[in-house]
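Q: I'd like to ask you about the structure that follows.
Nothing in this text is a laboratory measurement; each read-out follows from the coordinates by a stated rule. These numbers were taken from a predicted model, which means no experiment stands behind them. Ideal geometry is used to build each Cβ from the backbone, glycine not excepted, and the neighbour counts take in all protein chains shown.
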């Protein structure tokens, strides 16, 4: 059994949870509450695996939310970004599905907005704009 020996506020919205066996987990505040992670709590192997699994999803979701907060992004851009951040494929799929549920990723809306912006801001014709859009989707 692992015992939680220390919980520190980490970088951003994450906490670092140190266990008695020398493992350090990076978890969100949501996971702290959901699993009731407190100093001195003993964790079984199953609980530890579940926390690690959920931590990957939470990390990916936070990074994706930060990435899309600056401008609209296509689904492919978000997937590529998460892949570059070394988020596992199953977690990437869950993150993208969650963002779609929240209507934060919508390729149709992204395409329409991209076309409007390019028509207004650049002197490129419809063929070039459609080629650029294909690269992003």
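Q: Consider residue 25 against the criteria (1) surrounded by fewer than 15 Cβ atoms within 10 Å (Cβ to Cβ); (2) touching a residue at least 12 places away in the same chain (Cβ under 8 Å): it satisfies all of them except one. Which criterion is unmet?
A: (1)
Q: While we're on this one: Select from region 1-22 the residues that are without any contact (Cβ under 8 Å) to a residue 24 or more places away in the chain, outside any strand (DSSP E or B) and within 27 Å of residue 66 (Cα to Cα) and list them in ascending order.
A: 10, 11
Q: Those residues that are part of a helix (DSSP H, G or I) and in contact (Cβ under 8 Å) with a residue 12 or more places away in the chain, I need them from region 108-137; list them, please. Lay out the reasoning, then the answer.
A: In the first step, residues of region 108-137 are kept if they are part of a helix (DSSP H, G or I); the result is 108-121, 126-136.
Across region 108-137, the qualifying residues are 109, 110, 111, 113, 114, 115, 118, 129, 132, 133, 136.
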